[in-house]
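Notes to accompany the following structure.
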Amino acid sequence: MKALILSGGKGTRLRPLTYTGAKQLVPVANKPILWYGIESIVKAGITEIGIIISPETGEEIRRKTGLGEQLGANITYIVQDEPLGLAHAVKVAQPFLKDDPFIMYLGDNLIQDDLHLFLDKFKNKHLDGLILLRSVHNPTAFGVAEVDNQGRVLKLVEKPKNPPSNLALVGVYFFSPGIHEAIANIQPSARGELEITDAIQELIDSEKIVESLQLNGWWLDTGKKDDLLEANRIILDTNLTINKAGSVDQKSKISGRVNIKEGTTIINSTIRGPVIIGENCHIENCFIGPYTSIGDNCTLIDADIEHSVLLEGAQILEIHQRIVDSLIGQRAKLEMAPQRPKALRFMVGDDSHIELV
């Protein structure tokens with residue numbers, strides 16, 4: 001059994017951050033989104049993992065993730081020269097996948113459920129395909145499945161105006177090698193892509209056995225700022241361990257679940273968890289509120305912030321109003337000009353320098 005993680009794409013919904021980096025490497029609780037998927041797959045017992053990368057961001061993903069040793073995986077990188085669809089990505093990966101069954105996982109997804117529960121059903125029933133579903137309030141925004149009472153998939157529709165159900169495809173699929181023949185038999189869609197939904201429908205129309213299971217836990221699509229902040233909140237709520245490896249002076253107050261990495265200095269500040277703070281940060285005269293993740297090498301002086309994500313090297317200097325619901329990119333610098341607005345809400349790209357007037 002192998003795995004294929006799709007980590008290409010342009011990340012347009014997270015711009016400007018993704019002008020200079022891969023969306024799958026944006027951190028949630030100070031860990032790249034991509035790594036959560038890898039860890040989940042490895043936990044299910046699958047270590048041979050192919051990662052689909054694009055020419056634009058592939059080198060950054062290679063450099064950050066390496067060959068997977070730190071994650072218990074053996075990673076092979078596969079370049080998809082153009083974003084021509086999920087089924088096209090499988091087609092490009094066929095030399096890696098060969099005749100092995102595999103799990104396909106979209107690299108910007110986070111799910112709570114353990115994959116081995118689904119993997120066991122796929123193997124034990126010798127299925128041609130198994131798709132994971134989750135009920136949603138807005139099915140017109142997703143690929144939607146119509147299933148029978150036993151969970152067998154009858155039909156898939158991409159972003160339907162009149163959805164046959166409220167069961168959305170979450171971006172995790174299990175396939176037998178038969179998917180390759182199905183992909184060979186489909187044509188590009190109206191948008192010029194080979195759609196994985198069309199390939200699965202080809203399996204169904206060929207009377208192959210495609211079943212579904214619904215997730216019990218949360219599912220997070222991190223493609224937008226607010227979705228990423230919500231993912232950060234949930235991961236901090238469910239996975240954060242207490243660690244105070246940094247230096248905290250006597251004037252500072254730490255409460256709740258707070259994780260402070262080595263080399264970080266906390267001076268005269270209040271930190272109310274859940275909060276994670278990376279290595280070699282300097283935090284002075286600050287309030288760090290719940291659901292905040294601060295990357296390595298960040299500097300915060302005279303700042304109040306909560307429910308936000310700061311990427312590596314960001315600086316917030318003497319901002320005298322509370323910052324909330326914000327995503328601040330690598331090496332971004334926020335500092336106060338003489339006049340102040342009444343409220344602040346940011347989505348700031350890498351290497352930015354903002355003065356508030």
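List the relative contact order of region 50-149 as a percent without decimals, with contacts defined as Cα pairs under 8 Å and 6+ residues apart.
Averaging sequence separation for qualifying contacts and normalising by length gives 21 percent for region 50-149.
To the nearest 10 degrees, how steeply does helix 225-239 sit against the main Cα axis of the chain, on a 0 to 90 scale?
The answer is roughly 80 degrees.
Collect residues whose amide H, placed 1.01 Å from N in the peptide plane, falls under 5 Å from the amide H of residue 248; neighbours closer than 5 in sequence don't count.
Hits under the 5 Å cutoff: 266.
What does the extension gain come out to for residue 226 and residue 239, with contour length at 0.36 nm per residue minus their alpha carbon separation?
Working it through step by step, the gained length comes to 2.7 nm.
How big is D for region 263-357, in µm² s⁻¹ as a whole number, if Stokes-Einstein is applied with the Kirkwood radius of its Cα pairs at 4 °C and 1.567 mPa s?
Approximately 101 µm²/s, per Stokes-Einstein.
Nearest 5 is fine: what % of DSSP beta bridges in the chain come out antiparallel, could you say?
So the antiparallel bridges in the chain amount to around 25 percent.
Given a cut-off of under 8 Å on Cα pairs at least six residues apart, what relative contact order in percent is computed for region 116-212?
Contact order relative to length: 35 percent.
Along the charge dipole of the chain, Cβ charges K/R +1 and D/E -1, which of 206, 30, 74 sits furthest on the positive end?
Checked the options; the winner is 30.
Points 7 angstrom from Cα along the Cβ direction at residue 335 and residue 137: gap in nanometres?
Once both label points are built, they end up 4.2 nm from each other.
For the chain, with every protein chain kept in place, what is the accessible area per residue (1.4 Å probe, Å²)?
So the chain comes to 45 Å² accessible per residue, rounded to a whole number.
Size of region 166-273 along its principal axes in angstrom, Cα-based, largest extent first?
69, 29, 27
Counting pairs of alpha carbon atoms under 8 Å apart in space and at least six apart in sequence, what relative contact order in percent does region 209-357 give?
14
When the accessible area of the chain is computed with all protein chains present and a 1.4 Å probe, what percentage of it is carbon and sulfur?
45
If you take the alpha carbon radius of gyration of region 1-159 and divide it by 2.2 N^0.38 Å, what ratio comes out, to two decimals?
1.06
Under a point spin-label approximation (7 Å from Cα along Cα-to-Cβ), what is the residue 146-residue 187 distance to one decimal in nm?
Reported label-point gap for residue 146 and residue 187 is 2.2 nm.
Sequence neighbours fewer than 8 away in the same chain don't count; with that in mind, list the lysines whose C-alpha is under 18 Å from residue 155.
208
Assign unit charges at the C-beta atoms only (+1 for Lys and Arg, -1 for Asp and Glu), then state the dipole size of the chain relative to its Cα centre in Debye, rounded to the nearest 20.
Around 720 debye, computed over the chain.
Taking the alpha-carbon distance from residue 261 and a cut-off under 17 Å, which aspartates and glutamates remain once sequence neighbours fewer than 8 residues away in the same chain are dropped?
Hits, sequence-local ones excluded: 249, 279, 284, 296, 312.
Rounded to the nearest 20 debye, what is the charge dipole size of region 60-197 about its Cα centre when +1 sits on each Lys and Arg Cβ and -1 on each Asp and Glu Cβ?
180
Tell me what the chain gives for mean residue ellipticity at 222 nm when only DSSP H runs of n ≥ 4 count, each as -39,500 (n - 2.57), the sum divided by the residue total, rounded to 500 deg cm²/dmol.
My calculation for the chain gives -5500 deg cm²/dmol from helical runs alone.
Expressed in whole Å with the largest first, what are the equivalent ellipsoid semi-axes of the chain derived from the C-alpha gyration tensor as the square root of 5 times each eigenvalue?
Over the Cα atoms of the chain, the ellipsoid semi-axes are 41, 20, 19 Å.
Test of the criteria: in region 148-221, which trypsin sites (Lys or Arg not before Pro) are in a DSSP loop and have at most 10 other Cβ atoms within 10 angstrom of their Cβ?
The qualifying sites are 161, 191.
To the nearest 10 degrees, how steeply does helix 33-43 sit against the main Cα axis of the chain, on a 0 to 90 scale?
Taking the Cα atoms of the chain, the angle to 33-43 is about 60 degrees.
Between 184, 143, 96, whose Cα lies farthest towards the positive end of the dipole of region 91-204 when Lys and Arg beta carbons carry +1 and Asp and Glu beta carbons carry -1, centred on the Cα centre?
143
Testing the spin-label approximation: label points 7 Å from Cα along Cα→Cβ at residue 214 and residue 59. State their distance in nm.
Each label point is offset 7 Å from its Cα along the Cβ direction, giving 4.7 nm.
Distance check, please: which entries in 123/159; 43/121; 31/244 exceed 25 angstrom between their Cα atoms?
Distance filter (> 25 Å) returns 123/159.
The values are calculated or read from the model by the stated rules, or taken from the named source; none is laboratory data. Given the structure is predicted, the values throughout are model-derived calculations rather than measurements. Methodologically, a virtual Cβ is constructed for each residue, glycine included, from the backbone with ideal geometry; neighbour enumeration extends over all protein chains shown. When the accessible area is computed, the model is the full protein with side chains, heavy atoms only, and any ligands, DNA or RNA have been set aside. Shrake-Rupley method; radii C 1.70, N 1.55, O 1.52, S 1.80 Å.
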